[in-house]
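For reference, the structure is listed below as structure tokens.
The values are calculated or read from the model by the stated rules, or taken from the named source; none is laboratory data. This one's a predicted model, so the numbers in the text were calculated from it and none came from an experiment. Counting neighbours? That spans all protein chains shown, and the Cβs are built from the backbone with ideal geometry, glycine included.
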Amino acid sequence: MATEQSGRGRIEIFEDFLGAECPILNTVAPAAATSALLNFGSLVIRGDIVETNTAGIVPVADALSGVARFTSAAVADGDAVYLGTETCISVSLMAPIILECRVEMAALTVRRVYMGLSGTYADAQSDICTGSDATLTLTEADQCGFLYDSGLTEAVKWYMPFKGGTTTGTLDASEVVSSVTPVAEEFDILRLEVDNNGTARWFINGKLEQTVEGAISTSTVLSALIGVLATSSVSGTADFDYFYISANRDWTV
């Protein structure tokens, strides 16, 4: 098949959270299931989200421009609710890849937030990466994105982990820490750009915070996702104003 086509050569997904919701997931999925496996517009909800009847994604009443509150289960560390694509994104064939979201937290304690790319997006997806003191644990073999983890005690900041490319992912959180300290109930705009050679750039509120050559694999098929996780038996929450995904279409198949 021809490698170049006219027409819709650019894939774009923009979820603005104007009203779609997935609340109280135990009412729509068997209690023994690991995931509700529900679509949310063009995206799919996954994670350990049916262990409690309070986890899910619901619109915030009277929030201008549309805002969704993500609420994780509150059973154990790593309980998660994610919204993302299936693993369908190739860096080498579909870059430039752009992800962007606007996110705020009601408080900066007992929660973990992730936005970025992952080589796995399982039905019961849990941690992609975590932080403790000044150390990162890069759980997924292929990842590139933004992390907030209340367990990182060096500073309450946004972090920019990566793994899987030609540049080895660092476990020292101080090497990938941004200059931005989230403020409770104030939005930050997170933007990730990835080139076809695996080079990635991280922007927060329009400012370039980090550039890494070969940050992520160019051959692994990836998912683009956002999510919030519990760090204990306390539910994690985060509010997302929007989630934007953009990539070229692969015409080679």
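Details
- Checked against the criterion of being surrounded by 17 or more Cβ atoms within 10 Å (Cβ to Cβ), under 28 Å from F14 (Cα atoms), polar (S, T, N, Q) and touching a Gly at 6+ places or on another chain (Cβ under 7 Å), segment 90-97 has no qualifying residue.
- Residue check for V234: crowded, with 24+ Cβ neighbours inside 10 Å, of a type outside the set (G, A, S) and under 17 Å from D149 (Cβ atoms): no
- Just one residue in the set L192, L171 is within 15 Å of the chain's Cα centre (by Cα) and aliphatic (A, V, I, L, M); that residue is L192.
- Of all residues making up segment 136-156, the number that are surrounded by 15 or more Cβ atoms within 10 Å (Cβ to Cβ), at pLDDT 95 or above and part of a loop (DSSP other than H, G, I, E, B): 4
- Between E213, E185, E175, E193, the distinction of being more than 19 Å from S118 (Cβ to Cβ), out of contact with any Ser or Thr (no Cβ under 8 Å at 6 or more places or on another chain) and touching a residue at least 40 places away in the same chain (Cβ under 8 Å) belongs to E185 only.
- Qualifying residue in segment 91-103 (condition: in contact with a strand residue (DSSP E or B) (Cβ under 8 Å, 6 or more places away or on another chain), more than 30 Å from W251 (Cα to Cα) and of a type outside the set (F, W, Y)): yes
- The listed residues are V75, V60, V110, V81, and the only one of them that is surrounded by fewer than 19 Cβ atoms within 10 Å (Cβ to Cβ), on the phi < 0 side of the Ramachandran plot, of a type in the set (V, I, T) and touching a Gly at 6+ places or on another chain (Cβ under 9 Å) turns out to be V60.
- Among the candidates G206, G164, G116, G198, residue that is at positive phi, within 13 Å of the chain's Cα centre (by Cα) and not hydrophobic (A, V, I, L, M, F, W, C): G116
- Selection of strands (runs of 3 or more DSSP E) fully inside segment 157-247 by the criterion of at least 1 residues being touching a Gly at 6+ places or on another chain (Cβ under 8 Å), under 18 Å from I128 (Cα atoms) and at pLDDT below 95 returns 221-229.
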